[in-house]
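Single-structure report; data block below.
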Amino acid sequence: MTAVLSGFTVVWLIIAVGFLVGRMNILGKDARVVLSRTAFFVASPCLLFVTIADSEITDVLGAHFWVAGISAFLALFLYVLVGRFLLPGRRASELVIGSQSASQVNAANLGFPIAMYVLGDISLAAPVVMFQLAIYMPILVGTLDQLTIKHGSTTKVRPGRKVSVLRRVLQTVGNPVIVGAFLGLLFSWQGWRFPVPVQESVELLAAASIPLLLLAFGLALVGSHPLDKASGRRRDVLFATLVKLVLHPGIAYLVAAFLFGLEGTMLFAAVIMASLPTAQNVLVTAVRYETGETVARDTVLITTVLGIPSMILVALLLA
């Protein structure tokens with residue numbers, strides 16, 4: 001338990017540094033975007049590649065992969081089913097964004113640091129990242145595509161040019177994190193390694209990922225004002241937060257313990273990964289489809305602030 005609390009302290013201290021840097025405007029107004037893009041396009045793919053390449057394929061696509069998938073879909077369906085009665089008048093696309101906010105975890109920005117400093121094994125975040133990027137996101141985006149078509153949306157990449165199915169597939173496959181993950185799987189399967197200078201360069205870039213992600217995360221907390229009464233979406237946000245921080249981890253525990261028989265550290269890891277706050281990609285998706293933006297933004301912020309305390313509570317309960 002002391003090691004777990006120490007790990008959370010490391011994470012929070014770096015987030016706090018990012019927050020202070022943002023409040024003092026030391027790095028300028030574009031710092032969060034620059035740090036986030038550097039982490040997303042350069043450091044995180046290297047981290048995922050190194051992590052998976054050094055792991056067994058059965059570990060990446062094993063029980064934790066299936067626990068992440070089953071618990072996420074059950075949390076999503078729970079939000080949609082209850083939301084139809086609790087949140088009357090919401091469009092189907094809004095319910096999709098709300099359910100995504102309640103079930104998609106911040107596996108990259110916080111999953112890697114938590115796995116590294118709290119669980120002691122960074123590879124434990126890889127199955128969740130793989131599931132969300134390779135399966136979950138494409139399904140949800142495809143659903144939103146169909147809903148926006150049904151409701152006559154004019155969502156486009158640029159004026160006069162609609163997004164084709166092939167373009168969406170290529171964008172998903174070309175996601176740098178997916179590329180890093182699948183290259184890692186290939187190298188793990190074949191037992192390959194880059195030449196020493198290349199391997200060391202990739203490992204140095206991978207080491208930059210966690211500090212960059214946490215600093216950018218701290219910067220993102222500056223100037224946010226959730227639960228504005230005028231938005232009319234307080235109930236949506238609070239319900240999504242409840243599902244994300246309480247019901248989703250609870251479902252993961254039941255699936256991991258009783259369906260897959262996980263125990264000890266492996267059970268703890270499965271529940272902690274499900275306890276992660278809402279992924280920032282949900283807000284990106286909401287903006288992209290012009291629906292549910294308030295719910296996505298506020299849920300990301302609230303679960304981010306409450307996420308680590310809730311994970312500490314999970315650690316105490318499972319200790």
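The values are calculated or read from the model by the stated rules, or taken from the named source; none is laboratory data. All figures in this text were calculated on a predicted structure; none of them were measured in a lab. Every residue, glycine among them, receives a Cβ derived from its backbone with ideal geometry; neighbour counts consider all protein chains shown.
For region 83-110, a tally of residues being polar (S, T, N, Q), under 13 Å from the mean Cα position of the chain (by Cα), closer than 17 Å to Gly292 by Cβ and assigned to a helix (DSSP H, G or I) returns 3. Take the residues of region 287-302 that are assigned to a helix (DSSP H, G or I) and among the hydroxyl-bearing types (Ser, Thr, Tyr): which is farthest from Tyr117 (Cα to Cα)? Of everything passing the filter in region 287-302, Tyr289 is farthest from Tyr117 (Cα to Cα). State all residues of region 299-313 that are out of contact with any Pro (no Cβ under 6 Å at 6 or more places or on another chain) and at pLDDT 85 or above; if no residue qualifies, say none. The answer is Thr299, Val300, Leu306, Pro309, Ser310, Met311, Ile312, Leu313.
Restricting attention to region 287-299, the residues being of a type in the set (A, V, I, L, M, F, W, C) and either in contact with a Phe, Trp or Tyr (Cβ under 9 Å, 6 or more places away or on another chain) or surrounded by 24 or more Cβ atoms within 10 Å (Cβ to Cβ) (or both) number 2. Do we have Val198 as loosely packed, with under 14 Cβ neighbours inside 10 Å, over 19 Å from the mean Cα position of the chain (by Cα) and either outside any helix (DSSP H, G or I) or not aromatic (Phe, Trp, Tyr) (or both) here? Yes.
Rundown of residues vs (1) under 18 Å from Gly218 (Cβ atoms); (2) of a type in the set (Val, Ile, Thr), yes/no style:
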{"site": "Ala269", "(1), (2)": "no, no"}
{"site": "Ile272", "(1), (2)": "no, yes"}
{"site": "Ala279", "(1), (2)": "yes, no"}
{"site": "Tyr289", "(1), (2)": "no, no"}
{"site": "Ala315", "(1), (2)": "no, no"}
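Of everything in region 189-239 that is modelled with pLDDT of 90 or more and of a type in the set (D, E, K, R), the residue that is farthest from Ile302 (Cα to Cα) is Arg193.
The listed residues are Val284, Val305, Val314, and the only one of them that is assigned to a helix (DSSP H, G or I), under 13 Å from the mean Cα position of the chain (by Cα) and surrounded by fewer than 22 Cβ atoms within 10 Å (Cβ to Cβ) turns out to be Val284. It is to be established whether one or more residues within region 273-280 are closer than 22 Å to Phe77 by Cα and in a helix (DSSP H, G or I). Checked region 273-280: at least one residue is closer than 22 Å to Phe77 by Cα and in a helix (DSSP H, G or I). Just name the residue that is nearest to Phe112 (Cα to Cα) out of those in region 61-85 that are hydrophobic (A, V, I, L, M, F, W, C) and surrounded by 22 or more Cβ atoms within 10 Å (Cβ to Cβ). Here the residue is Ala68.
Candidates are the residues of region 240-268 that are aromatic (Phe, Trp, Tyr) and surrounded by 21 or more Cβ atoms within 10 Å (Cβ to Cβ); the one that is modelled with the lowest pLDDT is Phe268. Can we say Val80 is over 17 Å from Val282 (Cβ atoms) and in a helix (DSSP H, G or I)? For Val80, the condition - over 17 Å from Val282 (Cβ atoms) and in a helix (DSSP H, G or I) - is not met. For region 11-37, filtering for residues that are assigned to a helix (DSSP H, G or I) and either touching an Asp or Glu at 6+ places or on another chain (Cβ under 6 Å) or more than 12 Å from Leu215 (Cα to Cα) (or both) leaves 2. Filtering region 38-54 to residues that are part of a helix (DSSP H, G or I) and more than 18 Å from the chain's Cα centre (by Cα) leaves Val50, Ala53.
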